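A short worksheet on the structure shown next.
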Amino acid sequence: MSDTFRSLSPADPADEIGRFAVWDADAIAEAIGRAREAFPHWRDAGFEARAMVLRRFRDLAAERKEELAQLIAREMGKALWDARGEAALLPAKVDVTLEHGMGYAETLTAGAAARATFHPRGVLAVLGPFNFPAHLPNGHIVPALATGNSVVFKPSDLTPAVGEWMQRLWRDAGLPAGVFELVQGGAETGQALALDEGVDGVLFTGSYAVGRALREATLDQPDKLLALEMGGKNAMIVLEDADLELAAAEAALSITATTGQRCSCLSRLFVHHTVLDELQERLIDILSGLNIGPPLEEGVFMGPLVSRAAFERVQQMRAKAEEAGGERVFRGETLRIAPYIAPGLVRFKTTEQTHAYQREELFGPEAALYPIDDLEHGIAAVNDSEYGLAASIMSRSRGRFDRCVGRVRTGILNWNKGTIGASGRLPFGGGGKSGNDRPAGILATVYCTVPQSHLEFEGKLDPESLPPGFPRS
Ligand code: NAD
């Protein structure tokens with residue numbers, strides 16, 4: 001492991017959080033070997049013994065949540081309120097997994113003599129994204145460990161310190177050696193880990209481009225589980241009967257939370273043409289009042305983007321809005337330098353969405369407004385996307401929301417709540433370029449296990465039960 005990389009705070013490039021070794025192929029193989037060796041012991045320890053370690057992890061995560069929040073804010077730049085929200089989700093994930101998630105991977109009985117049991121897969125690789133560097137990997141790791149798998153975790157190379165922090169927490173919680181391994185590095189490390197024959201499944205949260213590459217690279221390993229949680233081009237329908245104050249607040253929050261860097265952030269608003277001007281005005285009012293500043297400063301709403309490279313990417317995409325046929329109706333301002341960024345709004349005349357600006361994930365605090373004539377028009381416009389993660393319907397009518405349920409093709413569909421709202425007690429994931437039908441959230445225990453079905457019989461041979469022509473003794 002001769003190469004190293006540095007983790008620098010996006011808010012202050014002079015703030016070096018640490019230097020980390022890039023794990024090479026041999027070191028990765030050794031980590032997988034340790035996880036393989038530990039696996040049968042962890043599996044056979046039984047659920048109660050595993051749950052005890054998980055609860056210790058929960059208690060430590062609760063005790064140290066402020067320390068984690070500060071580290072997240074410093075390393076990836078999300079504002080402290082947001083980082084605190086993320087840190088609080090770690091202990092919560094343990095409780096929800098033990099109390100509810102395990103129920104989805106419990107023995108399934110079909111009468112007195114037939115049942116299915118659920119078993120860990122073995123060694124699971126977890127590849128984490130930068131935007132929720134603790135909560136999203138944790139959302140795979142906790143169910144994987146609870147169901148008896150061992151884990152090799154590779155955090156994003158933008159958030160290696162958070163990865164190390166998590167490793168320390170598992171160690172302090174008393175997790176046996178080898179059950180949780182950490183490897184560090186970027187794409188090459190991730191690829192070497194994911195493709196290793198000793199890995200039984202890959203639990204990935206990240207971009208569509210990388211998810212696609214993983215799918216392609218594992219074509220010859222059909223038995224390897226691939227759970228892909230990828231990006232979004234999320235949408236909100238605002239109908240003429242919506243509470244516009246609520247719609248504007250929920251939309252603005254969904255556009256800008258985590259500086260627009262959540263998979264569930266809002267980028268397309270389909271608004272009834274009679275209320276579009278008013279909603280636009282309300283949105284501009286809110287967006288121009290956001291407190292953009294250093295993530296570790298109390299009272300700041302929005303920190304910088306995660307890196308300069310991310311800033312360049314977002315700016316390049318933004319510059320294409322007019323080429324796509326849109327009119328920039330709001331260009332926010334910030335006196336701070338890149339990767340600090342201000343929110344933006346673009347308005348289109350029709351719901352035709354043909355340009356990359358309108359179809360690809362932006363991953364920054366910006367959204368497009370489109371006029372619609374009615375609900376059916378809105379549903380069609382939302383569905384005109386390769387992504388399928390999250391959508392919201394803003395209307396006072398529950399009936400109109402119900403009309404969308406099952407028709408809007410997204411894994412998450414909220415009513416009078418923004419796209420970023422999600423419950424830990426529910427599945428989380430989407431179709432198309434957003435996922436491969438392995439929803440995470442409460443159902444993560446399902447992809448962490450394999451079922452085995454049993455017909456069970458205690459007794460003697462009943463000759464009457466044999467088919468005709470079959471010899472009786
Ligand atoms: P990314 O795809 O760039 O990286 C994700 C992880 O994959 C990182 O650990 C990275 O080092 C690793 N990686 C990169 N190239 C690889 C390769 N060729 N083989 C194996 N591993 C590789 O994603 P990101 O920029 O860290 O995160 C942002 C993306 O994640 C956005 O698209 C966002 O929508 C998505 N996301 C999805 C969800 C969800 O639940 N659906 C949640 C959060 C983020």
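Values in this text are rule-based calculations from the coordinates and carry no lab data. Everything quoted here is computed from the prediction, not taken from an experiment. Note: ideal-geometry Cβ built from the backbone for every residue, glycine included; neighbour counts use all protein chains shown.
Side notes on the structure shown:
- A DSSP coil position with no more than 11 other Cβ atoms inside 10 Å describes the following trypsin sites (Lys or Arg not before Pro) in the stretch 289-388: K349.
- Restricting the chymotrypsin sites (Phe, Trp or Tyr not before Pro) of the stretch 412-473 to loop positions (DSSP other than H, G, I, E, B) with no more than 13 neighbouring Cβ atoms within 10 Å leaves F457.
- Full extension of the segment from R472 to H454, taken as 0.36 nm per residue of separation minus the current Cα-Cα distance, would add 3.9 nm.
- Within the stretch 234-415, antiparallel bridges make up roughly 15 percent of the DSSP beta bridges whose residues both belong there.
- Gained length - D373 relative to V405, 0.36 nm times residue gap less alpha-carbon distance: 9.6 nm
- The E322 and A187 beta-carbon pair, evaluated with R₀ = 25 Å, returns a calculated FRET efficiency of approximately 0.15.
- Label point of E48 set 7 angstrom out along Cα-Cβ; within the stretch 169-199, amide nitrogens under 20 Å from it belong to 174-176.
- Neighbour cut-off at most 11 other Cβ (10 Å), DSSP loop, trypsin sites (Lys or Arg not before Pro), the stretch 376-473: R425, K460, R472
- DSSP loop GluC sites (Glu not before Pro) with at most 14 other Cβ within 10 Å: longest gap in the chain: 1-105
- Mean Cα-pair separation over length for the chain, i.e. relative contact order, pairs under 8 Å, 6 or more apart, %: 18
- Spin-label zone in the stretch 308-336 - amide nitrogen under 15 Å from a point set 7 Å from the Cα of K349 along the C-beta vector: 322-328
- Normalised per residue, the volume of the convex hull around the Cα set of the stretch 193-304 (Å³): 145
- Separation in nanometres of the label points that stand 7 Å from Cα toward Cβ, at S397 and R168: 5.6
- Residues with amide H under 5 Å from that of I17, placed H, sequence gap 5 or more: S7, L8, S9
- Cross-link table K320/K349; K154/K233; K154/K224; K233/K417; K93/K233, entries beyond 21 Å C-alpha to C-alpha: K154/K233; K93/K233
- Label point 7 Å beyond Cα of L195 along Cβ direction - residues of the stretch 97-138 with amide nitrogen under 16 Å: none
- Taking the three principal axes of the alpha carbon atoms in the chain, the coordinate ranges are 85, 61, 40 Å, sorted in descending order.
- Dividing the mean sequence gap of close Cα pairs (under 8 Å, 6+ apart) by how many residues the stretch 234-415 holds gives a relative contact order of 29 percent.
- Additional length obtainable on full extension of the chain from L219 to R19, 0.36 nm per residue less Cα span: 68.5 nm
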